[in-house]
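Below: the structure, in structure tokens.
The values are calculated or read from the model by the stated rules, or taken from the named source; none is laboratory data. Please read these numbers as outputs of a predicted model, since none were measured by experiment. Glycine also receives a Cβ, built like all others from the backbone with ideal geometry; neighbour counts cover every protein chain displayed. Note: areas computed on protein heavy atoms with side chains; ligands, DNA, RNA excluded. Shrake-Rupley method; radii C 1.70, N 1.55, O 1.52, S 1.80 Å.
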Amino acid sequence: MNRDRDAGWLSRFLAPRHAIAECAIIQWHGLGEADTPGEDAHCRIQLACEHGGDDGRIVAAAFAAFGPPVVVACADWVCEQVEDRTIKDARRLNLRAIEQALALAAGERYAALLVMDALDMALARASSNLG
Amino acid sequence: MSATRDVRYLDHAATTPLAPGVFEAMQQALLETPANPASLHAPGRAAAEQVEMAADTLGTLVNARPRDLIWTSGATESINLALKGAAEFVGDAAHVVSVVTEHSATLDTLAWLERRGTRVTRLGVDSAGRLDLDALETVVADGATLVSVMHVNNETGVIQDIEAIGAICGRYGALLHVDAAQSLGRLPIDCARMNIALLSVSAHKIGGPKGIGALFVRPRTGIAAQVHGGGQQRGLRSGTLATHQIAGFGAAARRVAETRDSEQQRLAALRDRLWAHIETLDGVMRNGERAHLAAPFLNVSVADVHGEALLVGLTEGAPALAVSSGAACSAAKGQSSYVLRAMGRTPREAGASIRFSLGSDTDTDTAAVDEAGARFVAEVRRLRALAGAV
């Protein structure tokens, strides 16, 4: 556990705003999942979009996550970032952005990778579902 | 215990706040008896009196002669002196028997000895964390020279039957070393009746200061010194005695001698009340059997939450609970509690485990325990909801 964690990192874990459990949306267009057995972590990201194809706009993003706190924080941050963006635009989100925003230590990078894998799958599915 | 923010301190197995009278005893020793207690002049004798008073109190608490106590920096040093000292004294014939659930102070010292050629046997425990006495007797009968067992496990609070273990050691002539860091002040200890040859204790677990402990060495028990210098303490542990630390230890020992039985009854009732809150959750398991647990301890494994998330959620959320985990890291990386794994818990169960340990500043007013129980239940539910169906 990184004892020197960033305050924003911790507050996202303690009070995430994009948990699926808290989300009222029932119509999702893209679902992506990934896991990291080495960290005993799993993440699912769900996207609700309007319009089709890569230009479709993401109106809501939510996550479910089992794992260390940093996984929850990364998932929450990614969901916040992709909302109100097009699918094409959301694809531009990269690992470095997550690492910098949450000040991840080297040992926490797996969490960003895990969440990005889940997001990539969700974006691909949302694009094809609406295209 | 005060803290920088609103925290419920439930980690008395890690350390305890100073007991009433301890600070004053230390201050008095520092200001009024500052001389070296080994000095023969009057100020030195005054300092030595402080040391003797503390030894009298601690000796009475464990039924040992005051002059058989060696002051150390804490239980870790005591354990090192006991194990290394006894093994070195015996030489090539040394065979040390211990238990896989011991504190790392013992396990790491045994590993060090093993690398230098000492024969070491580590015994397992059952699902309740208890040592199989028949298995122990078989190994001791095979020629063990030293048996080292902790009285109360630091993670679970499981109590080992020291009197029975002492009897086995007595039958076959093996020495018994007991790590009593977690049992001093919580359970009766009688070095004579329990056939204890070596006993390691620490002050800060009973309301004393950090940095002071003791090793009881029964007369005619052969151990080799590990710290050399001025020949203090019969040459077994050289170095000028820290009079104020020893006075603080003595004051804490006096306090627990007066309050132990009623205090442990009070804590057991609070501990059971805390468990009553927690067991309303599905998928929780109490580690250890109630009948064999020291009063302040409650160790709980939780299904369907990640251990690190649970620990961080409890310790960093609001109100914060100052609790511990054996090893709150990745179960998949094998970093979960070795104590709970030895008791048969799965890596995930052992990874998602929390130790509550109550103490003298845990309010008798049940509101604090009720709040802690409610907070734990809420955090587990929150994390399970976050995990959803993943």
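Among residues of region B:370-384 that are farther than 18 Å from B:Ser324 by Cα, none has a beta-carbon under 8 Å from a residue that is in a helix (DSSP H, G or I) and β-branched (Val, Ile, Thr) at least six positions away or on a different chain. Out of region B:94-120, which residues are under 22 Å from B:Gly173 (Cα atoms), under 20 Å from the mean Cα position of the chain (by Cα) and of a type in the set (S, T, N, Q)? Those that are under 22 Å from B:Gly173 (Cα atoms), under 20 Å from the mean Cα position of the chain (by Cα) and of a type in the set (S, T, N, Q): B:Ser98, B:Thr106. The strands (runs of 3 or more DSSP E) found entirely in region B:56-150 include none that carry 1 or more residues being open to solvent by 20 Å² or more (accessible area, probe 1.4 Å), of a type in the set (Asp, Glu) and at pLDDT below 95.
Taken over region A:50-76, the residue count meeting the criterion of being in contact with a Ser or Thr (Cβ under 9 Å, 6 or more places away or on another chain) and assigned to a strand (DSSP E or B) is 2. Taking first residues from region A:39-63 that are within 14 Å of another protein chain (Cβ to nearest Cβ) and partners that are crowded, with 19+ Cβ neighbours inside 10 Å and of a type in the set (D, E, K, R), the Cβ contacts under 8 Å between residues at least 6 apart in sequence or on separate chains come to A:Asp40/B:Arg348; A:Phe63/A:Arg44; A:Phe63/A:Asp76. Among the residues in region A:78-96, are any at positive phi and either open to solvent by 60 Å² or more (accessible area, probe 1.4 Å) or part of a helix (DSSP H, G or I) (or both)? Within region A:78-96, one or more residues are at positive phi and either open to solvent by 60 Å² or more (accessible area, probe 1.4 Å) or part of a helix (DSSP H, G or I) (or both). Take B:Ala225 and tell me if it is under 17 Å from B:Trp71 (Cβ atoms), of a type in the set (Gly, Ala, Ser) and assigned to a loop (DSSP other than H, G, I, E, B). Here the answer is yes, as B:Ala225 does meet what is asked. Report yes if some residue within region A:96-110 is away from chain B (no Cβ under 14 Å) and touching a Leu at 6+ places or on another chain (Cβ under 6 Å); otherwise report no. Among the residues of region A:96-110, not one is away from chain B (no Cβ under 14 Å) and touching a Leu at 6+ places or on another chain (Cβ under 6 Å), which makes the answer no.
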